[in-house]
1. Tell me the trypsin sites (Lys or Arg not before Pro) within the range 1-102 that lie in a loop according to DSSP and have at most 13 other beta-carbon atoms within 10 Å.
2. In Å², what does the accessible area per residue of the range 1-83 work out to with a 1.4 Å probe?
3. Just to be sure I follow the definition: excluding the sites themselves, where is the longest run in the chain that has none of the chymotrypsin sites (Phe, Trp or Tyr not before Pro) in a DSSP loop with at most 15 other Cβ atoms within 10 Å?
4. Hey, what number do you get for the chain at 222 nm if only DSSP H runs of n ≥ 4 count, each worth -39500 (n - 2.57), divided across all residues, to the nearest 500?
5. Does anyone have the angle between helix 64-76 and the longest principal axis of the chain? Alpha-carbon axes, 0 to 90°, nearest 10?
6. For the range 46-141, with the dipole built from +1 on Lys and Arg beta-carbon atoms and -1 on Asp and Glu ones, taken about the Cα centre, which of 110, 93, 78 lies farthest toward the positive end?
7. With only Lys, Arg, Asp and Glu charged, each at its Cβ (+1 for the first two, -1 for the last two), find how big the charge dipole of the range 1-134 is about the Cα centre; round to the nearest 20 debye.
8. Work out from phi, with θ = phi - 60° and the Karplus expression 6.51 cos²θ - 1.76 cosθ + 1.60, the ³J(HN,Hα) of each residue of the range 106-117, listed in order in whole Hz, and give x for Gly and Pro.
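The values are calculated or read from the model by the stated rules, or taken from the named source; none is laboratory data. From a predicted model like this one, the values you see are computed outputs, not experimental measurements. Every residue, glycine as well, gets a Cβ built from its backbone with ideal geometry; the counts of neighbours run over all protein chains shown. Only protein heavy atoms, including side chains, enter the accessible area calculation; ligands, DNA and RNA are left aside. Shrake-Rupley method; radii C 1.70, N 1.55, O 1.52, S 1.80 Å.
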Amino acid sequence: AWEREPNDKKFVRVYSSMLISKAYISLSAESKVLYILLKNNYYGSGSTAVCPYDDITELTGIARKRIKQRIDELEAFGFIKVGVSDKNKRGKPANLYEFIGDWKDIKTDADVELAKAKLKDTEERKRKARERIEKMLTEKE
């Protein structure tokens with residue numbers, strides 16, 4: 001077949017309704033590529049996938065320091081929910097990505113703006129948490 005190598009038996013299913021949705025169109029290019037990679041790591045049992053950051057960087061070219069931003073974007077727009085798995089292939093805890101359908105609720109420009117605000121709020125809370133940690137560390141010195 002023209003679309004795969006002869007021994008490749010795996011494919012990623014993405015419906016056209018998702019591709020033309022306001023939520024998907026609003027994602028950054030990196031988040032779209034990350035979503036496809038996560039879907040590729042889905043093995044058909046339940047609705048979850050595991051993919052270590054090292055693999056994400058190697059397979060997508062997304063810099064490690066930007067991966068969490070892309071994950072947050074996929075969460076804010078209703079494509080995934082992040083949990084923690086027992087262990088990854090290296091024996092360490094890893095993110096567990098659950099595929100969800102909340103992206104279907106983003107139908108208007110106002111919904112897109114609400115998702116962007118949610119993403120900005122998440123980034124701001126994380127920035128403040130990092131600042132508090134840095135302040136605590138510098139006070140101990």
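1. Details: sites: 4, 9, 10, 13, 22, 32, 39, 64, 65, 66, 68, 70, 81, 87, 89, 90; in loops: 4, 9, 10, 13, 87, 89, 90.
Sparse-neighbourhood loop trypsin sites (Lys or Arg not before Pro): 4, 9, 10, 13, 87, 89, 90.
2. On the way: 4970 Å² over 83 residues.
Value returned for the range 1-83: 60 Å² of accessible area per residue.
3. Values: sites that count: 2, 11, 15, 43.
It works out to 44-141.
4. Values: 6 runs with 74 residues, N = 141.
Result for the chain, helices only: -16500 deg cm²/dmol.
5. 70 degrees
6. 93
7. Dipole of the range 1-134, to the nearest 20 debye: 340 debye.
8. For the range 106-117, the Karplus curve yields 8, 10, 10, 4, 5, 5, 4, 5, 5, 5, 5, 5 Hz.
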